[in-house]
Amino acid sequence: MKRKTAPGIITPGPWQAKFSLSEGRDGAWVVVDGNSDNLDVLAIVDDENTRAELGQSAESNAIAIAALPDLIAALRFIVNDVPAPGEDAQLTIKGYNLACAALGKAGVQ
């Protein structure tokens, strides 16, 4: 399928993973815009498309997806603001801390 428009800018964070009963009879994990007044749904994570035998879950996937804005911000900071090794230890530490916090929010180490 050919894309009709160019990709745009992602919705700014924070994003949140929530379980919603309104997304089907049994409910579903959704990723919502944490800045919107009515928690606009950005993504629905279908549990039927995960492989439980591999330890995958819709909840884990939703949590990881919701961390995307934080991961992008941490990577942008590291790429744009962290100096070469030995130049400014404070910025290097800040970049490291941002990356660790974003990975923690994504549910990974």
Among the DSSP H helices of the chain, those whose Cα atoms extend at least 20 Å along the helix axis and whose mean Kyte-Doolittle hydropathy is -0.5 or higher are 89-105
Debye log10 I(q)/I(0) at q = 0.17 Å⁻¹ for the chain, Cα point scatterers: -0.91
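Every number here is computed from the coordinates shown, using simple stated rules; none is lab data. The structure presented is a predicted model; accordingly, all values stated were derived computationally and were not measured.
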